[in-house]
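Structure record follows, encoded as C-alpha cells.
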Amino acid sequence: MDNKNDIREFLVSRRAKITPEMAGLPAYGRNRRVVGLRREEAAMLAGISVEYYTRLERGNASGVSEEVLEGIARALQLDDAERAHLFDLVRSVHTTRPTRRPTQERVRPTVQRILDAITAPAYVRNGRLDILAANDLGRALYSEVFTDPVLPANTARFLFLNPRATEFFLDWEGIANDAVAILRAEAGRDPYDRRLSDLIGELSTRSEEFRVRWGAHNVKFHRTGSKRLHHPLVGDLTLSFDAFEIADDSGQRINVYTAEPGTPSHEALNLLASWTSTPATTHATTIDGAS
C-alpha cells in the first residue's frame, strides 16, 4: 500500500463530493467541468495557498502541520472517520518501517471468559475483520462465516469470495461497503501490516465487487448499527450490534448482537441459543461446520 498515493486519491475523492453550494460558494457558469470543488476553492476554504494544497494533494505531506490538516478537514467537510484517516495517512508517510512479518494474534483468557459470560452472540475481531474468538452463540450465529477453511475466519473474505454471503447477509450491499471502509481505515492506520496487505491483495485480485469499493476510498467507524441475517437454522433475524474496544489490545474489539424483546428475531435467537446449549445438537448442526 502506497500512502502517498492514498493521500492524493483520498483528497481528490473527498473534494469531488463537496459542491460549491455545499461549501457556501457561488457556482459560476454552466460549463463547470470539475466535479465538486476546484483545488483553488478547497485551498481558499482551508486557509492555505493553492500551491501548498496542490503539493499535499499530490502526496507530498512533508512538514504539514495539524492546523493545516484541520483546515483541510473543515474545507472538505470530513466526518470523524475521514478526518482520522487523513491524519493517519499523513502520519504514516512520516514513518518509515519495514513491513512486519505476521505474528499470531492472541485473545487473552480473561477476554474469552468475558465472551463466555455474555448471554448474547459475541465475538472478538481485529481491524482486518478476522474473528479471533467467539462465545458459543456467536459461533452459532456466524456459522456460515466459520465454514471457510482459511483461519482465522474473516468477514471480508466471506463477503466477497463466498457465494453464500448474499444469502446470509440480507443487506449485503451495505455490509460490503462497511467492510471495505473498515479495511481502508485500518490500512491508513497500519500500512505495514503484512496480513492486511495480503488480504487486500487477495480480495482485489479475486473480486471485482471489492476492487470497485476499495477504489472509492471510503472510511467508516463501525461502532453500532443493525444487521439483517438469514440463518440456515432459524431463518431471518434483525439484530442490533455494539462494538466495545478492548483495553491494551490494539485493534481488538468485542461485537455483541441483540434482538428487540418480543420480536420474531428475539424468538429465533432464543431458539438458536437453546440448540447451542444442547451439546449433541450444537456439534451436529453448527460447531463442526464452523470450527
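Rule-based calculations on the coordinates, nothing more; no lab input. Keep in mind the model is a prediction, meaning the values are calculated, not measured. Because the Cβ atoms are built from the backbone with ideal geometry, glycine has one as well, and the counts that use them run over all protein chains shown.
Which percent of the Cα-Cα distances in the range 203-244 go past 18 Å? Mind dumping the intermediate values first?
Details: 490 of 861 pairs.
Every Cα pair in the range 203-244 considered, those over 18 Å come to 57 percent.
Shown is the FRET efficiency for A27 and R194, computed with R0 = 51 Å from the Cβ-Cβ distance and rounded to the nearest 0.05: 0.65. Think of it as helices only: each DSSP H run of n ≥ 4 in the chain is worth -39500 (n - 2.57), and spread over all residues that comes to -13500 deg cm²/dmol at 222 nm. For the range 119-194, run through the trypsin sites (Lys or Arg not before Pro) and keep only the ones in DSSP coil with at most 15 other Cβ atoms within 10 Å of their Cβ. Answer by residue number: R164.
Please enumerate, by chain and number, the lysines with C-alpha under 27 Å from the C-alpha of K4, excluding those fewer than 8 residues away in the same chain. Answer for K4, where 27 Å is the Cα cut-off: K17, K220, listed by chain and number.
If R0 is 22 Å, what FRET efficiency do you get for E66 and T95 from their C-beta distance, rounded to 0.05?
Working: r = 16 Å, r/R0 = 0.71.
Efficiency computed from Cβ-Cβ geometry: 0.90.
In units of the rule-of-thumb radius 2.2 N^0.38 Å, the range 3-93 shows an alpha carbon radius of gyration of 1.03.
What's the exposure ranking of F160, F241, going from fewest to most Cβ atoms within 10 Å?
Working: F160 22, F241 17.
Fewest-to-most ranking of F160, F241: F241, F160.
Of the beta bridges in the chain, as assigned by DSSP with both residues counted there, near 95 percent are antiparallel.
Are there trypsin sites (Lys or Arg not before Pro) in the range 1-89 that DSSP puts in a loop and that have at most 14 other Cβ atoms within 10 Å, and which ones?
Working: sites: K4, R8, R14, R15, K17, R30, R32, R33, R38, R39, R55, R58, R74, R83; in loops: R30, R32, R33, R38, R58.
Here the sparse-neighbourhood loop sites are R30, R32, R33, R58.
At full extension, T258 and S274 could sit 4.2 nm farther apart than now, given 0.36 nm per residue minus the alpha carbon distance.
If you take the Cα Rg of the range 109-290 and divide it by 2.2 N^0.38 Å, with N the number of residues, what do you get? Before the final figure, lay out each step's value.
Numbers: Rg = 16.0 Å, N = 182, 2.2 N^0.38 = 15.9 Å.
For the range 109-290, the normalised Cα radius of gyration is 1.00.
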